[in-house]
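One structure is given below, encoded as structure tokens.
The values are calculated or read from the model by the stated rules, or taken from the named source; none is laboratory data. All figures in this text were calculated on a predicted structure; none of them were measured in a lab. Every residue, glycine among them, receives a Cβ derived from its backbone with ideal geometry; neighbour counts consider all protein chains shown.
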Amino acid sequence: MVLMDKETPNKLYCVKTAGPLWVGQLPDERGYIVASEVAVFQNYTNKYFEIAESSIIELDLDENSTHYEIKTLVAEKIETTLKQGYRYWLEQEIFEQAEASSRALNYGSRITTGFHNKINLGGLEANVMSLK
């Protein structure tokens with residue numbers, strides 16, 4: 001999950017609680033790409049890293065800084081195949097959003113119903129003070 005605060009629009013907060021989450025640095029340090037799949041980076045950068053499980057990191061777009069050292073993987077060529085019927089990764093990601101959202105919410109088991117309808121994003125409670 002990637003969050004942006006309207007008070008600090010040049011900072012992104014990446015939260016990894018389930019599933020892969022990768023950050024790629026664009027050439028000439030022009031910015032970042034955050035994705036759930038390394039194949040997204042194949043035409044843009046070879047500098048990327050995976051966010052550790054249960055981690056929250058801050059990406060500062062003004063300073064091009066993170067809490068992680070960005071690793072350069074020059075020797076690794078990313079090759080992947082799109083699922084049948086898709087021409088672009090973005091197209092595939094868009095059509096898979098409903099399923100990905102359902103998986104992220106553990107198919108509804110994170111949603112509490114009743115008087116206080118809430119979504120429980122496990123792992124964030126321990127970091128609530130640092131998120132304020």
Suppose we keep only residues that are part of a loop (DSSP other than H, G, I, E, B), modelled with pLDDT under 60 and among the hydroxyl-bearing types (Ser, Thr, Tyr) within segment 54-79. Which one would you say is surrounded by the fewest Cβ atoms within 10 Å (Cβ to Cβ)?
68
Residues satisfying the stated conditions in segment 1-53, i.e. assigned to a helix (DSSP H, G or I) and under 17 Å from residue 89 (Cα atoms)
38, 39, 40, 41, 42, 43
Matching entry among 122, 85 (being at negative phi and either modelled with pLDDT of 75 or more or under 17 Å from the mean Cα position of the chain (by Cα) (or both))
122
Selection within segment 38-62 - among the acidic types (Asp, Glu) and farther than 18 Å from residue 3 by Cα:
none
